[in-house]
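One structure, pasted below without further comment.
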Amino acid sequence: MKAEAKEFGKDDEFGMIIEHELEEQNPKKPSTSNDSSRIFTLLGIMRKFIGVKDLLNLRVSLPTQILDPISNLEYWGYVDAPEFFTCIPDSDDPLERMISTVRWWIAKDLKFTKYKILKPFNSVLGEQFFCKWVVERDIEKDLLGNDVLSNGDDDSNEATNKKMLPTKVGNVSEEDTDKPIIEYITEQVSHHPPVSAFMYRCQKKKMQAVGFDHLAAKFTGLSVTISPGTWAKGIFLTLFSRNDELYECKHSNAAISGWLTGSIKVNCIGKFVIKCKATGLAAIVEVSSKNWFGMTNDVLNGVVVSCDPINDRIDNWSVKEAMQNGVVLATIEGNWSKKCFVTRLSTKKKVLLVDMSSIVPTPKIVKPIEEQGEVESRRVWGDVISKMLEKDYSAATKFKTKIEEHQRKLAATRKETGEEFVPKLFAKKFDDGMPVLLPDAPINL
């Protein structure tokens, strides 16, 4: 392992090696019209990392040829289907609220079933991103009791044939609509390791969700395994309209495969756990990727149980152990990327929980660039993005290198003066995994 530390210890050294290799292939303008060529180029680079414990914590600067024009803060998000988020507190039945939380958790990664897998820019320390979603669609019941989406007034279906996440540029406030609005606030609070703090909040529904994004990644040669980093203790959802019910939601792992075929796919693996101490309910759901005659399916099976979330070791339970130790109230089954069903034991009727194939991400609303602050993502990376869209990757890489060199100088200055970085939006208290928004945070929404 000493050799690894020596080889990957500096941003500049290995990043320059990678850029030199790509420039030798085409020093003027690398062609990326074919996504598969970019994938194979990235695969060639990643083969150098086989066996490295955590890819994302390496100080490596990748050239723009193999990146996509979006910042990490903007790319990650958990309300691709915002109507599934805002409906969680609606029911008076605690079981229904837990089932709704499970549905949101399944649908939060909707983009991975619709669009190409991106490698965004690594956000710089102190970078910020703000956006909103207007919840245009409502959850309704069909004749069989299935939850379905109304048509609504949004045009998100226009995004079905696009490769990028849908976005609208503009301004919207609660005075402009009677629909619920979700606000997203996020800030890069650490660079090594890369960690961002985030908050989703909806004032109309009196709810919020907070957490830290910190990923660990390991490349085996055939796939990349993604798991939560040590800072990421889950997403914490609070329903203020339900006596401050707190739902602790723990992430599953994921595997990014398809490198050899040039068709990259995300598969959820392992399990996710959602528990609420106030209601005494927990959901344990296992997801596995199974190959059937060459077709990969994300099989999903789980239960909602009544238990003792304070004393029981729910986080360590398998579905089988949850059934043995708790009282089963509902079962969940299906395919993570297609249809999932729920059976409430009180009715013994299996109904549709969510059909991932029938919904698309709702466009986020972002302020015009001229109304954004200097540390907001689209301002920080604006020159890089514009050159990438022009396919002038040489100029884009120069702008990216300039940003990274500036960040190194700032880090060196802080080290010399003994100054610690202090986030502008969130309190510097990260131990419990629940970031706290500062009361005077300069939020640009």
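The values are calculated or read from the model by the stated rules, or taken from the named source; none is laboratory data. The model shown is predicted, which means the values in this text are computed figures rather than measured ones. For neighbour counting, all protein chains shown are included, and Cβ atoms are generated from backbone atoms with ideal geometry for every residue, glycine included. What goes into the accessible areas is simple: the full protein's heavy atoms, side chains included, and nothing from ligands, DNA or RNA. Shrake-Rupley method; radii C 1.70, N 1.55, O 1.52, S 1.80 Å.
Just check the range 365-445 against the gyration tensor rule for me: Cα atoms, a ≥ b ≥ c as the square roots of the eigenvalues, rounded for a/c under 1.5, and otherwise prolate or oblate depending on whether a/b exceeds b/c.
On the way: a/c = 2.61, a/b = 1.37, b/c = 1.91.
Taking the square roots of the gyration eigenvalues as a ≥ b ≥ c, the range 365-445 is oblate.
Given points 7 Å out from each Cα along the Cα-Cβ axis, report the GLU370 to LYS402 separation in nanometres with one decimal.
Label at GLU370, label at LYS402, 2.2 nm between them.
Classify the range 291-433 as rounded, prolate or oblate from the Cα gyration tensor: take a ≥ b ≥ c as the square roots of its eigenvalues, call it rounded if a/c is under 1.5, otherwise prolate when a/b beats b/c and oblate if not. Mind showing how you got there, number by number?
Numbers: a/c = 2.89, a/b = 1.79, b/c = 1.62.
Verdict is prolate for the range 291-433.
Among the listed pairs LYS114/LYS320; LYS116/LYS415; LYS218/LYS402; LYS108/LYS348; LYS168/LYS218; LYS132/LYS424, which are separated by more than 30 Å between their Cα atoms? Write down the numbers at each step before the final one.
On the way: LYS114/LYS320 32 Å; LYS116/LYS415 39 Å; LYS218/LYS402 28 Å; LYS108/LYS348 27 Å; LYS168/LYS218 35 Å; LYS132/LYS424 20 Å.
With Cα atoms farther than 30 Å apart: LYS114/LYS320; LYS116/LYS415; LYS168/LYS218.
Can you give the FRET efficiency for VAL169 and LEU410, using 1/(1 + (r/R0)^6), R0 = 30 Å, r = Cβ-Cβ distance, to the nearest 0.05? Show your work: numbers first, answer last.
Details: r = 29 Å, r/R0 = 0.98.
Approximately 0.55, to the nearest 0.05.
Could you pull out every residue, at least 5 positions away or on a different chain, whose amide H is within less than 5 Å of the one on LEU329? Hs are placed 1.01 Å off N in the peptide plane, and Pro or chain starts have none.
For LEU329, whose amide H was placed from the backbone, the distant partners under 5 Å are VAL304, VAL305, SER306.
Which value, in Å², gives the accessible area per residue of the range 369-445 when a 1.4 Å probe is used on the protein heavy atoms?
Details: 4890 Å² over 77 residues.
Per-residue accessible area for the range 369-445 comes out at 63 Å².
Now a separate question. Does the range 317-382 classify as rounded, prolate or oblate by the C-alpha gyration tensor (a ≥ b ≥ c root eigenvalues; a/c under 1.5 gives rounded; else a/b over b/c gives prolate, otherwise oblate)? Present the calculation step by step, with values, prior to reporting the outcome.
Numbers: a/c = 4.18, a/b = 2.53, b/c = 1.65.
Here the range 317-382 falls in the prolate category.
So, one more: Computing the accessible area with a 1.4 Å probe over protein heavy atoms, can you report the carbon and sulfur percentage for the range 196-260?
Working: 1280 of 2400 Å².
Summing carbon and sulfur atoms, their accessible area is 53 percent of the total for the range 196-260.
For SER337, list long-range residues whose amide hydrogen, built 1.01 Å from N in the peptide plane, is under 5 Å from its own amide hydrogen.
ASP298
Then there is this: For the pair LEU389/THR343, report the inter-label distance in nm, with labels modelled 7 Å from Cα in the Cβ direction.
Going from the LEU389 label point to the THR343 one covers 5.0 nm.
Can I ask one more? Residue separation times 0.36 nm, minus the C-alpha to C-alpha distance between VAL327 and PHE240: what's the value?
28.6 nm
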